[in-house]
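**Student:** Dumping the structure here so I can ask a few things about it.
The values are calculated or read from the model by the stated rules, or taken from the named source; none is laboratory data. Keep in mind that this is a model prediction, so the values were computed, not measured. Glycine gets a Cβ as well: all are built from the backbone with ideal geometry, and neighbour counts include every protein chain shown. All accessible areas refer to the heavy atoms of the entire protein, side chains included, with ligands and DNA or RNA removed. Shrake-Rupley method; radii C 1.70, N 1.55, O 1.52, S 1.80 Å.
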Amino acid sequence: MAVVVGIILAIIVCLTIALIVRKRVYDQVDHIEKWKLDITDRDVAKQIGKIKTLNLSGETLEKFEEWKEEWEKIVTKSLPDIEKYLMDAEEAADRFLVPKANKILKEAENHLEKIEEEIKEIIGELEELLYAEETGRGGAEELKPRIKGLRSMLSQSRYQYGKAEKQFDKEIDELEAILDQYDAFVNDGDYLKANESISELKESTEKVENKLDTFPDLLKQVKQELPSQLTNLSSGMKEMKESGYRIRHLGFEKEIITYQEQLKDIESQLETADITDVEQLLQQIETRILEMYEALEGEAIAKNYIEQKGPEYEDSVNQISATYETAKIEVEEIKKAYYVEDDDMERFQTMGKAIKALKGHVEELHQSIEDDKQSHSELKKGIEEGFKKIAQLEEEHESFKKSIANLRKDELEARDKLVEMRGQLTDLNRKLKKSNIPGVPSYIWTRFETAIQKNEKVMEALETYPLDMNNVQQALTEAKKSIEQAYEQVDMMLDQAYLTEQVIQYANRYRSKHSDLDNKLKEAERLFRNYEYELSLEHAAKAVEEIEPGSLQKIESYQTERSQ
């Protein structure tokens, strides 16, 4: 029983699926049917009929017949074939031959897509033709008065175009010929070629308009303005030569002739109404003329500069040369008293060579002014550089003078320092005598002797000629350091002696009760009397610390307060 129920359910499921699949086929059939009806309802014939307003001849007539025939073929054959596809698909679906039905429907879709492409191509070509007709007609209406205006402008201003007038007439004739060709294409119904000719005509018209607009100015520049400028430039150069200006080296005469010949070539080119690169060439010539004027102006300025600054420059060179010679004598005298560093002497000698070169430049300047081999601009540049070199040498000379002057200054300061250090040694000796200590340890006297010897070396350095201030400064440094060390050791020795006395006095309160302390203090006193203050302090401090720890710190604090 269960098996029978299962079979029945399976049959029901299969039947249900088959019905669903068949339903989908029917839906697809309905979709294609609607698509076919949509194409049928399109009034392509009416759209094709739009070109009837045009001249139906030549290419236009051929296109009209071709599109009409293609559309009739679609309506009478292609679309009915779709209906047959749909009937076959429904029949297959009724028999549950779904794969066959789908295959037939796919063929129907491909057929409809092909029909759509054919319609799209017809409409596209139609719109292109209508657009070409409209565009060409609008372009022709715009260009006709413009071409007429060109003819009128040329007729009224013929003198502005010179011999090129005939060529411009020909170019306008060519524009009118293209316009006539457009009319011919329209009459033949060839609107696409007519539109192409209008595009060509528009471009050509714009070129002619531009040429007619710019030509008069170009011709005026070539025949009048630039030749006049070159003539004036040539005349000005002649006057400058007669006035003593050095401009031969500039080579402008040949350049002017070259430009005059070039202008003749350009004029010949313009006579054929050819303005190719003319504007650029004329701009280059005009720019170069301005550059030549600037160069001539610079030469005039340079000549005036040389006339005014030349004597001043020569005086400046002579003055710094005289200053150097005087300084040279002074240096020789200074070298007898002081040792001058090699770097300073080399710097001084380099200055001499530079001054000698400047004097040579002055001589060359005189010669150049006489032989007329260099331009005033070049001579001006040389003088300007010479002035800069003089200013640099003056700074270097001042620096050298300060360096030499510092030798004497350093000597005086060294002697003053030597006197000051001798006074310091005297003060230190006086301090020892007033100290009331039993005596001065030998190492202190040794330090004194060393400081005195260092001071004597300073004196020896100061009495050696020529005086080497580097040696003097080194001796001064050593002497100063020796005195500082002597002061440091004397102060330390006196502090130890005074502290030892304080410690022994403080410890005396415990002597009667502590025999060991008494013995240790006696040893400390012995050392104190023998000038061994550091050892004496160690013995006394150790003894009192054993009896009263921290007492040494207390005594040091008390002594510090008293000293303050």
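**Student:** Full-extension gain between residue 174 and residue 209, please, as 0.36 nm times their residue separation minus the C-alpha to C-alpha distance. Display every interim value, and only then the final one.
**Tutor:** Details: separation 35, 0.36 × 35 = 12.60 nm, distance 1.35 nm.
Extra length from residue 174 to residue 209 when fully extended: 11.3 nm.
**Student:** If 289, 329 are ordered by their accessible area, calculated over protein heavy atoms with a 1.4 Å probe, which sequence runs from highest to lowest?
**Tutor:** Result, largest first: 329, 289.
**Student:** Using a Förster distance of 51 angstrom, determine the FRET efficiency expected from the C-beta separation of residue 371 and residue 284, and round it to 0.05.
**Tutor:** Efficiency, from the Cβ-Cβ distance: 0.90.
**Student:** So how do 228, 243 rank on accessible area, 1.4 Å probe, biggest first, that is with the largest at the start?
**Tutor:** 243, 228
**Student:** OK, next. Could you go through segment 509-516 in sequence order and give the Karplus-derived ³J(HN,Hα) for each residue, using 6.51 cos²θ - 1.76 cosθ + 1.60 with θ = phi - 60°, rounded to whole Hz, and x for Gly and Pro?
**Tutor:** Rounded to whole hertz, the list is 5, 9, 5, 5, 9, 10, 5, 4.
**Student:** Calculated FRET efficiency, residue 158 and residue 248, Cβ-Cβ r, R0 45 Å, to nearest 0.05? Mind showing how you got there, number by number?
**Tutor:** Values: r = 45 Å, r/R0 = 1.01.
Given R0 = 45 Å and the Cβ-Cβ separation, E is 0.50.
**Student:** Taking H as built 1.01 Å from N, whose amide H comes closer than 5 Å to the amide H of residue 338, not counting residues under 5 places away?
**Tutor:** 467
**Student:** Quick one: 3J(HN,Hα) in Hz for segment 442-447, Karplus 6.51/-1.76/1.60 with θ = phi - 60°, rounded, Gly and Pro as x.
**Tutor:** Running phi through 6.51 cos²θ - 1.76 cosθ + 1.60 with θ = phi - 60° gives 5, 5, 5, 5, 4, 5 Hz.
**Student:** Using +1 on the beta carbon of Lys and Arg, -1 on that of Asp and Glu, and nothing else charged, what's the dipole of segment 500-543 about the Cα centre, debye to 20?
**Tutor:** Dipole size: approximately 240 debye.
**Student:** Which whole-number percent is the relative contact order of segment 155-237 (Cα, under 8 Å, 6+ apart)?
**Tutor:** 29
**Student:** Let me ask something else about it. Which sequence of 190, 315, 183 reflects their accessible areas, 1.4 Å probe, from the largest down?
**Tutor:** 315, 183, 190
**Student:** I've got another one for you. Among 282, 322, 272, whose Cα lies farthest out toward the positive end of the dipole of segment 249-327, if unit charges sit on the beta carbon of Lys, Arg (+1) and Asp, Glu (-1)?
**Tutor:** 322
**Student:** Project the alpha carbons of segment 417-480 onto their principal axes and report the range along each, largest first, in whole Å.
**Tutor:** 48, 19, 15
**Student:** Oh, and also: Each label point is 7 Å from the Cα along the Cα-to-Cβ direction; what then is the distance between the points at residue 364 and residue 436, in nm?
**Tutor:** 8.6
**Student:** Using label points projected 7 Å from each Cα along Cα→Cβ, tell me how many nm separate residue 443 and residue 392, to one decimal.
**Tutor:** Reported label-point gap for residue 443 and residue 392 is 6.0 nm.
**Student:** Something else now. Please work out the FRET efficiency for the pair residue 554 and residue 459, using the Cβ-Cβ distance as r and a Förster radius of 51 Å; give the result to the nearest 0.05. Kindly include the intermediate steps, with their values, before the conclusion.
**Tutor:** Working: r = 49 Å, r/R0 = 0.96.
It comes to 0.55.
**Student:** In Å, what Kirkwood hydrodynamic radius results for segment 438-537 from the alpha-carbon pair distances? Provide the component values of the computation, followed by the final result.
**Tutor:** Values: mean 1/r = 0.0621 Å⁻¹.
Averaging 1/r across every pair of different Cα atoms and inverting gives 16.1 Å.
**Student:** Just how much of residue 433 is accessible, in Å², when a 1.4 Å probe is used and the result is rounded to the nearest 10?
**Tutor:** 150
**Student:** If you project the alpha carbons of segment 327-463 onto the principal axes, what extent comes out on each, in Å, largest first?
**Tutor:** 97, 22, 19
**Student:** Can I ask one more? Report residue 443's accessible area, 1.4 Å probe, all protein chains in place, as a number in Å² to the nearest 10.
**Tutor:** Approximately 100 Å² of residue 443 is accessible to the 1.4 Å probe.
**Student:** Filter the cross-link list 328/401; 166/211; 238/303; 417/457; 148/223 down to pairs whose alpha-carbon distance in this structure exceeds 20 Å.
**Tutor:** 148/223
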